[in-house]
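Reviewing the structure listed below.
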Amino acid sequence: MTEPGTPSSRGSRIVDARVIVTCPGRNFVTLKLTTDDGVSGIGDATLNGRELAVASYLQDHVCPALIGRDSSRIEDTWHYLYKGAYWRRGPVTMTAIAAVDTALWDILGKVAGLPVYQLLGGRAREGVTVYGHANGRDIPEVVDQVGVYLELGYKAVRVQVGVPGLPVVYGVSDDKLFYEPAVAGAAPTEATWSTERYLHHVPALFEAVRDKYGFDVRLLHDVHHRLTPIEAARLGKRVEEYQLYWLEDPTPAESQEAFRLIRQHTTTPIAVGEVFNSIWDCQQLITEQLVDFIRATVVHAGGITHLRRIFNLAELYQVRSGSHGATDLSPVCMAAALHLDLAIPNFGLQEYMRHSAATDEVFPHGYHFADGYLHPAETPGLGVEIDEELAARYPYSAAPLPVNRLLDGSVHSW
Ligand code: GCO
Ligand code: MG
């Protein structure tokens with residue numbers, strides 16, 4: 001029998017493990033692994049607003065342990081890092097594990113000469129349906145923006161609108177295609193929130209969009225964890241007639257039971273999971289069928305290996321995937337997500353926020369958008385690289401996510 005890590009096992013050895021931090025407009029952390037055969041693979045390790053914690057976790061605690069390991073032992077390495085750390089789960093640990101896992105899948109694909117989706121079981125659909133973000137300060141502006149996305153070929157659009165009386169609202173920005181909530185500076189900026197004003201205003205947005213464009217386009221909305229379960233239930237019930245494809249993060253999910261209350265009151269489909277790190281964060285949500293879409297991502301939920309496990313569990317309960325794809329996930333994560341999206345049986349929808357030109361230059365990639373679908377590259381591995389020389393020209397620059405307060409000054413979920 002071959003022992004893990006002995007010279008007689010088959011794969012090539014990891015000889016270099018490096019963390020690259022770059023800020024081409026926003027911060028990204030990337031892990032690059034190289035084998036003794038000269039093959040390199042990369043993984044995204046970006047945790048918005050907490051980037052350097054993951055960089056240190058990798059650099060100081062993980063990279064030294066990777067040197068000499070067999071790059072083909074992906075599952076073994078996953079458990080080596082998860083069980084071996086003793087301290088399980090959490091966004092920092094699981095993002096670091098994700099980066100290693102993603103880089104190893106990239107290497108495996110390059111060694112095999114196949115795009116990663118072929119290693120995951122092959123194509124289960126022709127393309128990955130994606131949704132874009134239409135937003136505006138008021139309802140007419142959002143309605144116009146939906147038109148822009150439909151013109152681009154999108155089959156699904158998320159809509160977010162400003163709320164009268166609130167100066168800044170999540171999801172609304174001047175820069176329409178490249179929304180970025182993290183704000184440069186040492187300390188977080190602060191936003192204000194009123195649940196009453198929001199609940200009063202937002203149903204009219206869906207009414208206006210349906211009036212103008214009908215029911216052919218999939219319509220989505222992100223509540224961003226701001227409501228209590230009963231408030232979320234009320235919103236879901238109120239907007240049933242507009243047939244949302246999903247209502248996202250209606251309430252914080254630390255308590256999975258909370259979703260039972262929402263379910264009892266509404267048939268509006270629920271999506272959740274962008275902040276989840278492991279299968280344990282959504283086990284009850286899935287097995288009790290309390291949600292319809294699970295939005296965990298490769299980068300924050302333990303890589304391709306662990307996210308596939310989550311989606312496999314979800315498939316048993318008719319819960320579909322809906323992975324997070326905001327701009328704070330690098331093109332490396334997007335590429336990895338697309339390979340998984342293409343191969344799983346229970347794919348639902350993939351979020352796609354475009355990266356800026358500077359980011360695309362640092363991470364040259366072969367995935368591309370056409371007619372509402374994204375298609376991963378057909379080249380071996382993930383089909384995305386990092387231009388290290390260019391990356392070095394953009395040093396890290398602190399940019400925390402905002403803090404949110406109610407009108408009386410109480411801290412609220414952002
Ligand atoms: C989304 C998300 C993001 C998050 C961001 C935080 O659905 O796209 O809610 O926009 O706010 O990822 O860093
Ligand atoms: Mg969201």
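Read the figures in this text as sums done on the coordinates, not as results from a lab. Quantities reported herein were computed from a predicted structural model and do not represent experimental measurements. Cβ placement follows ideal geometry from the backbone for every residue including glycine, while neighbour counts extend to all protein chains displayed.
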*Got at least one residue in the stretch 204-224 being over 29 Å from ASN48 (Cα atoms) and among the hydroxyl-bearing types (Ser, Thr, Tyr)?*
yes
_Checking ALA296 against (1) within 16 Å of ligand 1 (Cβ to nearest atom); (2) in contact (Cβ under 8 Å) with a residue 60 or more places away in the chain; (3) crowded, with 24+ Cβ neighbours inside 10 Å: exactly one of these is not met. Which one?_
(2)
_So, ARG354, is that one touching a strand residue (DSSP E or B) at 6+ places or on another chain (Cβ under 9 Å), over 22 Å from GLY185 (Cβ atoms) and either charged (D, E, K, R) or assigned to a loop (DSSP other than H, G, I, E, B) (or both) or not?_
yes
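For the structure I just gave you, tell me whether GLU190 is farther than 17 Å from VAL403 by Cα and surrounded by fewer than 16 Cβ atoms within 10 Å (Cβ to Cβ).
No; evaluated as a whole, the condition is false for this residue.
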*Sole exception among (1) within 16 Å of ligand 2 (Cβ to nearest atom); (2) over 18 Å from ASP249 (Cα atoms); (3) in contact with a helix residue (DSSP H, G or I) (Cβ under 8 Å, 6 or more places away or on another chain) for MET334, by number*: (3)
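Looking only at the stretch 322-331, filter to residues that are within 16 Å of ligand 2 (Cβ to nearest atom) and of a type in the set (S, T, N, Q); which one of those is nearest to ILE42 (Cα to Cα)?
Filtering the stretch 322-331 down to residues within 16 Å of ligand 2 (Cβ to nearest atom) leaves 322-329.
Next cut, of a type in the set (S, T, N, Q) only: 323, 327.
Values: SER323: 20, THR327: 18 Å.
The selected residue is THR327.
Conditions tested, residue by residue: (1) farther than 28 Å from VAL29 by Cβ; (2) assigned to a loop (DSSP other than H, G, I, E, B).
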position: ILE230; (1), (2): yes, no
position: ARG234; (1), (2): yes, no
position: LEU244; (1), (2): yes, yes
position: ALA253; (1), (2): no, yes
position: ALA314; (1), (2): no, no
position: GLY325; (1), (2): no, yes
position: ALA336; (1), (2): no, no
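Counting only residues that are crowded, with 17+ Cβ neighbours inside 10 Å and free of Cβ contacts under 8 Å to residues at least 40 places away in the same chain, give me the strands (runs of 3 or more DSSP E) lying completely in the stretch 1-117 with at least 1 of them.
Working: elements: 14-22, 28-35, 40-44.
Here the list reads 28-35.
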*Working only within the stretch 237-258, note down all residues that are within 16 Å of ligand 2 (Cβ to nearest atom) and not charged (D, E, K, R).*
LEU244, TYR245, TRP246, LEU247, PRO250, THR251, PRO252, ALA253
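Report yes if ASN346 is more than 16 Å from ligand 1 (Cβ to nearest atom), surrounded by fewer than 24 Cβ atoms within 10 Å (Cβ to Cβ) and within 14 Å of CYS282 (Cα to Cα), otherwise no. Explain how you work it out, then say what you get.
On the way: more than 16 Å from ligand 1 (Cβ to nearest atom): yes; surrounded by fewer than 24 Cβ atoms within 10 Å (Cβ to Cβ): yes; within 14 Å of CYS282 (Cα to Cα): no.
No: the conditions fail for ASN346.
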_Restricting to the stretch 346-372, give me the number of residues that are away from ligand 2 (no atom under 16 Å from the Cβ) and in contact with an Asp or Glu (Cβ under 6 Å, 6 or more places away or on another chain)._
4
*Just one of the numbered conditions (1) closer than 13 Å to LEU290 by Cα; (2) under 20 Å from the mean Cα position of the chain (by Cα) is not true of HIS221; which one?*
(1)
_Residues of the stretch 299-338 satisfying the condition of being in contact with a Leu (Cβ under 9 Å, 6 or more places away or on another chain), within 11 Å of ligand 1 (Cβ to nearest atom) and of a type in the set (A, V, I, L, M, F, W, C)_ = VAL299
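Condition test on SER278, is it more than 14 Å from ligand 1 (Cβ to nearest atom) and crowded, with 18+ Cβ neighbours inside 10 Å? Let's see the steps before the verdict.
On the way: more than 14 Å from ligand 1 (Cβ to nearest atom): yes; crowded, with 18+ Cβ neighbours inside 10 Å: yes.
Yes, satisfied.
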